[in-house]
Amino acid sequence: MNNKKTILFEDYLNKQLKNTTFRKHYSEFGKQLEIAYQVLQLRKKAGMSQLELAKKIGTTQSNVARIETGKQNFSTEILVKIAKALNKDLKVEFV
C-alpha cells in the first residue's frame, strides 16, 4: 500500500522559496515551471496520457515529459497546440 502524502504545488513552492539558491533559480526559470505545471495538471484533468497529448500536438511522448518538467523550452506555437488539444484557450499577459 502506498502511504505517500499528496503535496500541493503551492505549499511545496513556498517552502522551497525560503532557500536563497532555489529562489534565485526560480526567479530565472519560474514562469517556465509554472507553465509546465499547468500543462501537466490540465493533461491529467483531461484524462490524457503524455503519449496521447504528444500525438495530438505532433511530437513525442518524451518531449511532452520534458515540457511538463520544465526541461524543454517551448514556443507560443507549441503552447497553442497544447491548448487546442486540451480544449483550452491560451492567454498570454504582461502584468
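Structure above, values below:
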{"quantity": "Selection count where residues are under 23 Å from Glu10 (Cα atoms) and in a helix (DSSP H, G or I), scope the range 51-81", "calculated": "6"}
{"quantity": "Unique match (being loosely packed, with under 14 Cβ neighbours inside 10 Å and either at pLDDT 95 or above or out of contact with any Pro (no Cβ under 7 Å at 6 or more places or on another chain) (or both)) among Lys45, Lys81, Lys55", "calculated": "Lys45"}
{"quantity": "Residue count for the range 41-95, restricted to those that are over 15 Å from the mean Cα position of the chain (by Cα), of a type in the set (Asp, Glu) and within 21 Å of Gly30 (Cβ to Cβ)", "calculated": "1"}
{"quantity": "Per-region count, the range 23-42, residues surrounded by fewer than 16 Cβ atoms within 10 Å (Cβ to Cβ) and at pLDDT below 90", "calculated": "10"}
{"quantity": "Whichever residue in the range 84-95 is at pLDDT 90 or above, among the aliphatic types (A, V, I, L, M) and part of a loop (DSSP other than H, G, I, E, B) and, among such residues, is nearest to Met48 (Cα to Cα)", "calculated": "Leu86"}
{"quantity": "Candidate set: the range 38-50, residues that are of a type in the set (A, V, I, L, M) and in a helix (DSSP H, G or I); chosen: the one nearest to Lys81 (Cα to Cα)", "calculated": "Val39"}
{"quantity": "Whichever residue in the range 64-78 is closer than 12 Å to Leu33 by Cβ and of a type in the set (D, E, K, R) and, among such residues, is modelled with the lowest pLDDT", "calculated": "Lys71"}
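The values are calculated or read from the model by the stated rules, or taken from the named source; none is laboratory data. Bear in mind that the values here come from a model prediction, so they are computed numbers and not experimental data. Cβ sites come from the backbone with ideal geometry, for glycine too, and all protein chains shown count toward neighbours.
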